[in-house]
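Novice: Next up is a structure, given as structure tokens.
Values in this text are rule-based calculations from the coordinates and carry no lab data. Bear in mind the structure is a predicted one, so any value in this text is a computation, not a measurement. Cβ: placed from backbone, ideal geometry, glycine included. Neighbour counts: every protein chain shown.
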Amino acid sequence: MLDSKSVLEVLRPVQDPELQKSLVELNMIRNVVVEGGKVSFTLVLTTPACPLREFIVEDCQTAVKKLPGVETVEVEVTAETPQQKSLPDRASIPGIKNILAISSGKGGVGKSSVAVNVAVALATKGSKVGLLDADIYGPNAPNMLGLSDAKIAVKQGKTGEILEPAFNHGVKLVSMAFLIDPDQPVIWRGPMLNGIIRQFLYQVEWGELDYLIVDMPPGTGDAQLTMAQAVPMAGAVIVTTPQTVSLIDARRGLKMFQQLGVNLLGIVENMSYFIPPDQPEKSYDLFGSGGGTRTAQELNVPLLGCVPLEIALREGGDNGTPIVVSAPESKSAQALVAIAEQIAAKVSIAAYA
């Protein structure tokens with residue numbers, strides 16, 4: 001007999017490829033309706049940025065079509081991003097499900113560019129995303145998001161002043177750049193840095209977020225220690241270039257997060273090769289090649305992806321329209337979107353581990 005029970009039974013062997021568990025047991029199959037030969041149900045993924053979405057839908061349809069009497073199978077796809085596990089010694093932020101650090105061992109590797117594009121890519125996929133610019137001494141995220149002239153409102157809350165983040169390209173943003181003049185240097189010691197980062201975490205009206213991306217300053221200093229000790233983090237991503245000096249510092253940054261007990265989601269190799277605009281079929285290894293792959297293998301962490309260097313990538317950062325929006329068909333944008341999907345998938349795996 002064709003009914004909702006038989007549909008659920010035939011779907012029980014179908015697994016989430018990342019979690020390696022039954023979709024039915026994970027309660028990812030809901031609202032099963034059978035009307036004659038038409039079967040419909042809702043597939044609830046763990047992230048709107050699921051990289052295997054189409055494969056899962058196809059597996060579900062194939063399984064249900066094996067039932068006698070089935071003529072059509074309609075699958076509505078939604079997502080519910082899981083809440084990262086809390087830690088007893090670190091206070092979570094109400095409404096924020098996952099906090100992710102994008103970090104680097106040294107400056108100049110394109111960490112902020114990766115952070116901004118990953119945030120926008122996740123938002124484009126349908127996630128609720130915030131970006132905290134924790135690079136207090138060099139806050140560039142507003143310019144990269146087209147918010148260099150934005151002002152953030154300050155209102156009085158129950159526990160003091162509350163900042164309202166700026167918003168563009170689907171991403172909420174708070175940055176030190178909104179609180180100082182454009183040419184004003186921030187000449188602070190560690191305790192003051194610690195204070196402003198905590199303010200950006202707890203005294204900003206973030207609302208409901210699936211992901212809060214934190215653009216960390218380069219190195220292994222006060223900002224990284226504050227983040228790791230203040231909140232339960234879903235994971236950290238290390239950005240490097242293939243160049244040896246970058247890889248040496250990247251290893252230090254990676255080891256730091258491991259020592260602080262932060263889950264390492266993987267390495268991103270940025271500026272992997274240069275694609276000339278007048279000869280897109282060619283590529284040049286300006287900073288060497290294969291460094292990210294070798295480092296990932298040696299340290300037993302995933303290589304999330306390699307991002308080529310294109311002029312459109314630099315232009316997007318300068319004019320405030322990230323390349324995942326301005327040139328989505330470019331190789332750089334495709335690589336960044338794939339990296340965002342990999343990050344989202346690994347966060348979901350960690351939440352269900």
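Novice: Can you list the lysines whose alpha carbon sits under 18 Å from that of residue 151, skipping same-chain ones fewer than 8 residues off?
Specialist: 172
Novice: Something else about it: Take every DSSP beta bridge with both residues inside the range 1-141 and express the antiparallel ones as a percent of the total, to the nearest 5. Spell out each step's value before the answer.
Specialist: Values: 8 of 16 bridges.
Close to 50 percent.
Novice: Treating each Cα of the range 99-352 as an identical point scatterer and ignoring solvent, apply the Debye formula and state log10 I(q)/I(0) at q = 0.09 Å⁻¹.
Specialist: For the requested q values the scattering log ratios are -0.36.
Novice: While we're here: Which whole-Hz couplings ³J(HN,Hα) result when phi for each residue of the range 14-24 is put into the Karplus expression 6.51 cos²θ - 1.76 cosθ + 1.60, θ = phi - 60°, listed in order with x for Gly and Pro?
Specialist: These are the phi-based 3J(HN,Hα) values: 6, 10, 6, x, 7, 7, 6, 9, 5, 4, 5 Hz.
Novice: Let me ask something additional. Excluding residues on the same chain fewer than 8 positions from residue 65, give the aspartates and glutamates whose Cα lies under 18 Å from its Cα.
Specialist: Of all the aspartates and glutamates, those that pass the test against residue 65 - Cα under 18 Å, at least 8 places apart if same chain - are 3, 9, 35, 54, 74, 76.
Novice: Tell me which of 202, 338, 45 sits at the most positive position along the dipole axis of the chain, charges placed on C-beta atoms (Lys, Arg +1; Asp, Glu -1).
Specialist: Ranked along the dipole, the leading option is 202.
Novice: What is the range 4-79's relative contact order, in percent, from Cα pairs under 8 angstrom and six or more apart in sequence? Present the calculation step by step, with values, prior to reporting the outcome.
Specialist: Numbers: 114 pairs, mean separation 24.4, N = 76.
Relative contact order comes out at 32 percent.
Novice: Relative to the longest principal axis of the C-alpha atoms of the chain, give the angle of the C-alpha long axis of helix 111-124, reported between 0 and 90° and rounded to the nearest 10°.
Specialist: So the helix axis and the longest Cα principal axis differ by about 30 degrees.
Novice: Only sites in a loop by DSSP and with at most 15 other Cβ atoms within 10 Å count here; which chymotrypsin sites (Phe, Trp or Tyr not before Pro) in the range 182-239 make the cut?
Specialist: Passing both the DSSP loop test and the Cβ count: 188.
Novice: Next question. As a test, work out the antiparallel percent of DSSP beta bridges whose residues both lie in the chain, rounded to the nearest 5. Display every interim value, and only then the final one.
Specialist: On the way: 16 of 56 bridges.
Around 30 percent of the beta bridges assigned by DSSP in the chain are antiparallel ones.
Novice: Sticking with this one: Of 38/128; 66/331; 85/128; 125/155; 5/346, which pairs sit farther than 29 Å apart, going by alpha carbon to alpha carbon? Each step should come with its number before you reach the end.
Specialist: Details: 38/128 33 Å; 66/331 39 Å; 85/128 19 Å; 125/155 31 Å; 5/346 32 Å.
Too far apart for the 29 Å limit: 38/128; 66/331; 125/155; 5/346.
Novice: Work out from phi, with θ = phi - 60° and the Karplus expression 6.51 cos²θ - 1.76 cosθ + 1.60, the ³J(HN,Hα) of each residue of the range 230-246, listed in order in whole Hz, and give x for Gly and Pro.
Specialist: Going residue by residue, I get 8, 9, x, 9, 6, x, 10, 10, 9, 9, 9, 10, x, 5, 4, 5, 5 Hz, with x marking Gly and Pro.
Novice: HN-Hα J couplings of the range 136-145 from phi, Karplus 6.51/-1.76/1.60, θ = phi - 60°, integer Hz, Gly and Pro as x?
Specialist: Couplings: 5, 7, x, x, 10, 4, x, 5, 5, 9 Hz.
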